[in-house]
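What follows is one structure encoded as C-alpha coordinates, with my remarks underneath.
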Amino acid sequence: MFTPATVLNWGPRMRQALALGLIGLFIAACLIVAAVALGPPPTGLMAEHDKILHASAFWALMLLGAAAFPRCGAIAPVIGLLLGGVGIELAQALPIIHRDADIADVLADACGIVLGWTSVMAIYLFWRLFRSLVRPKEAICDD
(Lines give C-alpha, C1' and ligand atoms only; values in the text may rest on other atoms or scores of the structure.)
Protein backbone atom coordinates (compact mmCIF):
# COMPACT_ATOMS: atom_id res chain seq x y z
CA MET A 1 0.00 0.00 0.00
CA PHE A 2 1.28 3.47 -0.86
CA THR A 3 1.51 5.94 1.97
CA PRO A 4 3.49 9.17 2.23
CA ALA A 5 5.91 7.39 4.54
CA THR A 6 6.90 4.99 1.74
CA VAL A 7 8.39 7.92 -0.20
CA LEU A 8 11.11 8.09 2.44
CA ASN A 9 12.11 4.51 1.61
CA TRP A 10 12.25 4.72 -2.19
CA GLY A 11 15.37 3.35 -3.78
CA PRO A 12 17.75 5.44 -5.88
CA ARG A 13 16.29 4.23 -9.19
CA MET A 14 12.78 5.26 -8.21
CA ARG A 15 13.99 8.67 -7.00
CA GLN A 16 15.95 9.15 -10.24
CA ALA A 17 12.91 8.22 -12.36
CA LEU A 18 10.78 10.66 -10.38
CA ALA A 19 13.39 13.41 -10.80
CA LEU A 20 13.60 12.87 -14.57
CA GLY A 21 9.82 12.84 -14.83
CA LEU A 22 9.55 16.13 -12.96
CA ILE A 23 12.23 17.72 -15.14
CA GLY A 24 10.39 16.57 -18.27
CA LEU A 25 7.08 17.87 -16.93
CA PHE A 26 8.66 21.24 -16.10
CA ILE A 27 10.21 21.59 -19.56
CA ALA A 28 6.92 20.61 -21.22
CA ALA A 29 5.02 23.16 -19.12
CA CYS A 30 7.52 25.91 -19.99
CA LEU A 31 7.18 25.11 -23.69
CA ILE A 32 3.38 25.14 -23.48
CA VAL A 33 3.36 28.50 -21.68
CA ALA A 34 5.76 29.97 -24.26
CA ALA A 35 3.71 28.58 -27.17
CA VAL A 36 0.47 30.00 -25.78
CA ALA A 37 2.11 33.36 -25.03
CA LEU A 38 3.65 33.68 -28.50
CA GLY A 39 0.70 32.25 -30.44
CA PRO A 40 -2.36 34.11 -31.62
CA PRO A 41 -3.92 36.32 -28.93
CA PRO A 42 -6.84 34.74 -27.09
CA THR A 43 -10.28 36.13 -27.80
CA GLY A 44 -13.03 36.89 -25.35
CA LEU A 45 -10.79 37.32 -22.32
CA MET A 46 -11.13 40.44 -20.27
CA ALA A 47 -7.97 42.14 -19.01
CA GLU A 48 -8.49 40.91 -15.45
CA HIS A 49 -8.70 37.31 -16.61
CA ASP A 50 -5.52 37.70 -18.62
CA LYS A 51 -3.57 38.71 -15.51
CA ILE A 52 -5.05 35.83 -13.52
CA LEU A 53 -3.97 33.43 -16.27
CA HIS A 54 -0.44 34.89 -16.18
CA ALA A 55 -0.20 34.59 -12.40
CA SER A 56 -1.59 31.05 -12.29
CA ALA A 57 0.69 29.85 -15.10
CA PHE A 58 3.80 31.17 -13.35
CA TRP A 59 2.58 29.85 -9.98
CA ALA A 60 2.37 26.37 -11.50
CA LEU A 61 5.75 26.79 -13.22
CA MET A 62 7.32 27.82 -9.92
CA LEU A 63 5.95 24.72 -8.18
CA LEU A 64 7.15 22.46 -10.98
CA GLY A 65 10.54 24.20 -11.18
CA ALA A 66 11.15 23.85 -7.46
CA ALA A 67 10.13 20.18 -7.57
CA ALA A 68 12.20 19.43 -10.67
CA PHE A 69 15.35 21.15 -9.41
CA PRO A 70 15.31 20.86 -5.61
CA ARG A 71 19.07 21.32 -5.22
CA CYS A 72 19.11 24.69 -6.99
CA GLY A 73 17.68 26.50 -4.00
CA ALA A 74 14.62 28.69 -3.94
CA ILE A 75 16.03 31.74 -5.69
CA ALA A 76 17.24 30.12 -8.95
CA PRO A 77 13.73 29.22 -10.22
CA VAL A 78 12.47 32.68 -9.20
CA ILE A 79 15.15 34.43 -11.23
CA GLY A 80 14.83 32.01 -14.17
CA LEU A 81 11.05 32.31 -14.39
CA LEU A 82 11.13 36.08 -14.02
CA LEU A 83 13.67 36.32 -16.84
CA GLY A 84 11.47 33.96 -18.87
CA GLY A 85 8.44 36.19 -18.30
CA VAL A 86 10.39 39.27 -19.38
CA GLY A 87 11.68 37.37 -22.41
CA ILE A 88 8.15 36.42 -23.42
CA GLU A 89 7.03 40.05 -23.19
CA LEU A 90 10.04 41.21 -25.21
CA ALA A 91 9.23 38.59 -27.85
CA GLN A 92 5.62 39.76 -27.91
CA ALA A 93 6.89 43.27 -28.71
CA LEU A 94 8.28 42.03 -32.02
CA PRO A 95 6.06 43.05 -34.95
CA ILE A 96 6.14 39.55 -36.47
CA ILE A 97 4.41 38.04 -33.39
CA HIS A 98 1.36 40.37 -33.66
CA ARG A 99 1.02 40.64 -29.89
CA ASP A 100 1.32 43.57 -27.52
CA ALA A 101 3.91 43.61 -24.75
CA ASP A 102 2.61 44.80 -21.39
CA ILE A 103 4.54 45.55 -18.20
CA ALA A 104 1.42 44.55 -16.25
CA ASP A 105 1.85 41.02 -17.61
CA VAL A 106 5.37 40.91 -16.15
CA LEU A 107 3.98 42.11 -12.81
CA ALA A 108 1.30 39.39 -12.94
CA ASP A 109 4.04 36.85 -13.72
CA ALA A 110 6.01 38.12 -10.71
CA CYS A 111 2.94 37.82 -8.47
CA GLY A 112 2.47 34.22 -9.58
CA ILE A 113 6.16 33.51 -8.94
CA VAL A 114 5.95 35.00 -5.43
CA LEU A 115 2.81 32.97 -4.68
CA GLY A 116 4.57 29.88 -6.02
CA TRP A 117 7.65 30.57 -3.91
CA THR A 118 5.45 31.00 -0.84
CA SER A 119 3.71 27.71 -1.63
CA VAL A 120 7.05 25.96 -2.07
CA MET A 121 8.30 27.26 1.28
CA ALA A 122 5.07 26.14 3.01
CA ILE A 123 5.33 22.67 1.44
CA TYR A 124 8.98 22.47 2.48
CA LEU A 125 8.16 23.37 6.10
CA PHE A 126 5.30 20.84 6.23
CA TRP A 127 7.60 18.20 4.69
CA ARG A 128 10.24 18.82 7.37
CA LEU A 129 7.60 18.56 10.06
CA PHE A 130 6.25 15.35 8.51
CA ARG A 131 9.72 13.81 8.30
CA SER A 132 10.45 14.66 11.91
CA LEU A 133 7.23 12.96 12.99
CA VAL A 134 7.71 9.86 10.79
CA ARG A 135 11.35 9.13 11.57
CA PRO A 136 11.72 6.86 14.57
CA LYS A 137 13.17 8.60 17.56
CA GLU A 138 16.20 7.10 19.23
CA ALA A 139 15.53 5.75 22.66
CA ILE A 140 16.69 8.02 25.41
CA CYS A 141 18.25 6.16 28.30
CA ASP A 142 18.40 7.68 31.74
CA ASP A 143 21.65 6.40 33.19
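The values are calculated or read from the model by the stated rules, or taken from the named source; none is laboratory data. Quick caveat, the model's predicted, so the values are computed rather than measured. All Cβ positions, even for glycine, are placed from backbone atoms using ideal geometry, and neighbour counts span all protein chains on display.
Quick notes on this structure:
- Failed condition for I27, given (1) within 25 Å of L94 (Cα to Cα); (2) modelled with pLDDT under 95: (2)
- In the set (1) among the aliphatic types (A, V, I, L, M); (2) in a helix (DSSP H, G or I); (3) in contact (Cβ under 8 Å) with a residue 40 or more places away in the chain, L129 fails one condition alone, (3).
- For the stretch 58-76, the candidate set comprises residues that are in contact (Cβ under 8 Å) with a residue 40 or more places away in the chain and out of contact with any Leu (no Cβ under 7 Å at 6 or more places or on another chain); within that set, the residue that is farthest from V33 (Cα to Cα) is A74.
- Scope the stretch 106-143; condition modelled with pLDDT of 90 or more and touching a helix residue (DSSP H, G or I) at 6+ places or on another chain (Cβ under 7 Å); matching residues: V106, A108, D109, A110, C111, G112, I113, L115, G116, W117, S119, V120
- Residues of the stretch 72-85 satisfying the condition of being surrounded by fewer than 17 Cβ atoms within 10 Å (Cβ to Cβ) and either closer than 17 Å to I27 by Cβ or within 10 Å of the chain's Cα centre (by Cα) (or both): C72, A76, L83
- Taking (1) without any contact (Cβ under 8 Å) to a residue 60 or more places away in the chain; (2) surrounded by 10 or more Cβ atoms within 10 Å (Cβ to Cβ); (3) aliphatic (A, V, I, L, M) in turn, V134 satisfies each apart from (1).
- Here A55 does not fit the description of being surrounded by 13 or more Cβ atoms within 10 Å (Cβ to Cβ), within 15 Å of the chain's Cα centre (by Cα) and free of Cβ contacts under 8 Å to residues at least 40 places away in the same chain.
- The one condition from (1) touching a residue at least 24 places away in the same chain (Cβ under 8 Å); (2) not in a helix (DSSP H, G or I) that D109 does not meet is (2).
- Taken over the stretch 85-106, residues that are of a type in the set (A, V, I, L, M), assigned to a helix (DSSP H, G or I) and farther than 16 Å from I52 by Cα amount to 4.
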